[in-house]
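As structure tokens, the structure follows; a few thoughts come after it.
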Amino acid sequence: MSGEVVKGNVAVGQQLFRKLEALQKSVEQRDALLRSIGEAMQKSVRKRFDTSTGPDGQKWTPLRKKTIQRKHGENKATPLIDHGNLMGSIRYQIAGDTAFVGTNDKRAAAHQFGWTLKIPAQTRTQTVKFGTKGKTKGRFVKKSNTAKHVVEKTFTFTISAHEVSLPARPFLGLSEADKKTILALVREHVAAAVEKGGDINLSPTA
């Protein structure tokens, strides 16, 4: 009896192997799975803009008060959301046996990895005009003003070296939840493909 069970299990395993091998070679089935994964990951990445959370579960660096004051709209305090262009640019693409999720937005890399611009010290000169009498006395006037009481003066000033930085706010990448989603989609896809291929005979064979 035990010999029959072993033979039966071997037969079932061979059937599964053949069906999985056929599934692997099927471009149509493969692309369907990759599309499912791509759509799920695209949705996951876009959701991070709503929660201001990276794939590692860490919250993004909040915006500075000056930045919030400069922005407009209901999302002005939410990082990476102004008009929604960056979030809306997230797309998935299938190439061979790989699903890619990304963006063609030129700002993406700076936000994903952070960015620092080092500005060297600069000396600048600026010429201004101001009045010496009447309502304009001691006040700056337009350069086009050629009145006799208007004088011109040139100032020289130095801007010290400084840095302008943008903190990293990663939005691309796989979270632990993403990995579980992908695994579930693979299992679901394989199970459906095997079932579609026909029932497997589970009866022991002689």
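Consider segment 136-155. How many of its residues are among the aromatic types (F, W, Y) and modelled with pLDDT of 80 or more? Give the derivation first.
First, the residues of segment 136-155 that are among the aromatic types (F, W, Y): 140, 155.
After this cut, where a residue has to be modelled with pLDDT of 80 or more as well, the list is 155.
Selection size over segment 136-155: 1.
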Completion exercise
Taking segment 95-104 and keeping residues assigned to a strand (DSSP E or B) and surrounded by fewer than 15 Cβ atoms within 10 Å (Cβ to Cβ) leaves A95, T98, F100
Practice task
Go through segment 64-88 residue by residue and tally those that are surrounded by 12 or more Cβ atoms within 10 Å (Cβ to Cβ) and either touching a strand residue (DSSP E or B) at 6+ places or on another chain (Cβ under 9 Å) or among the charged types (D, E, K, R) (or both).
Solution key: 3
Problem - Residue tally, condition at pLDDT below 90 and of a type in the set (S, T, N, Q), over segment 161-206 - result: 4
Problem - Test: residue in segment 15-35 that is over 21 Å from L166 (Cα atoms), surrounded by fewer than 17 Cβ atoms within 10 Å (Cβ to Cβ), within 15 Å of the chain's Cα centre (by Cα) and modelled with pLDDT of 80 or more - result: no
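On the basis of being of a type in the set (V, I, T) and closer than 30 Å to L33 by Cα, does T103 make the cut? So that I can check it myself, show each step before the final result.
Working: of a type in the set (V, I, T): yes; closer than 30 Å to L33 by Cα: yes.
Spelling it out, T103 is indeed of a type in the set (V, I, T) and closer than 30 Å to L33 by Cα.
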Fill in the blank from the handout: Going through segment 148-200 in order, the residues found to be of a type in the set (S, T, N, Q), outside any loop (DSSP other than H, G, I, E, B) and over 30 Å from A32 (Cα atoms) are T154, T156, T158, S165
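Looking only at segment 117-136, decide whether some residue is touching a residue at least 40 places away in the same chain (Cβ under 8 Å), surrounded by 10 or more Cβ atoms within 10 Å (Cβ to Cβ), of a type outside the set (S, T, N, Q) and within 20 Å of K47 (Cβ to Cβ).
Initial filter on segment 117-136 (touching a residue at least 40 places away in the same chain (Cβ under 8 Å)): 117-121.
From what's left, surrounded by 10 or more Cβ atoms within 10 Å (Cβ to Cβ): 117, 119.
Subsequent filtering for residues that are of a type outside the set (S, T, N, Q) retains 117, 119.
Now narrow it down to the ones that are within 20 Å of K47 (Cβ to Cβ): none.
Checked against the condition, which is being touching a residue at least 40 places away in the same chain (Cβ under 8 Å), surrounded by 10 or more Cβ atoms within 10 Å (Cβ to Cβ), of a type outside the set (S, T, N, Q) and within 20 Å of K47 (Cβ to Cβ), segment 117-136 yields no hits at all.
The values are calculated or read from the model by the stated rules, or taken from the named source; none is laboratory data. All figures in this text were calculated on a predicted structure; none of them were measured in a lab. For neighbour counting, all protein chains shown are included, and Cβ atoms are generated from backbone atoms with ideal geometry for every residue, glycine included.
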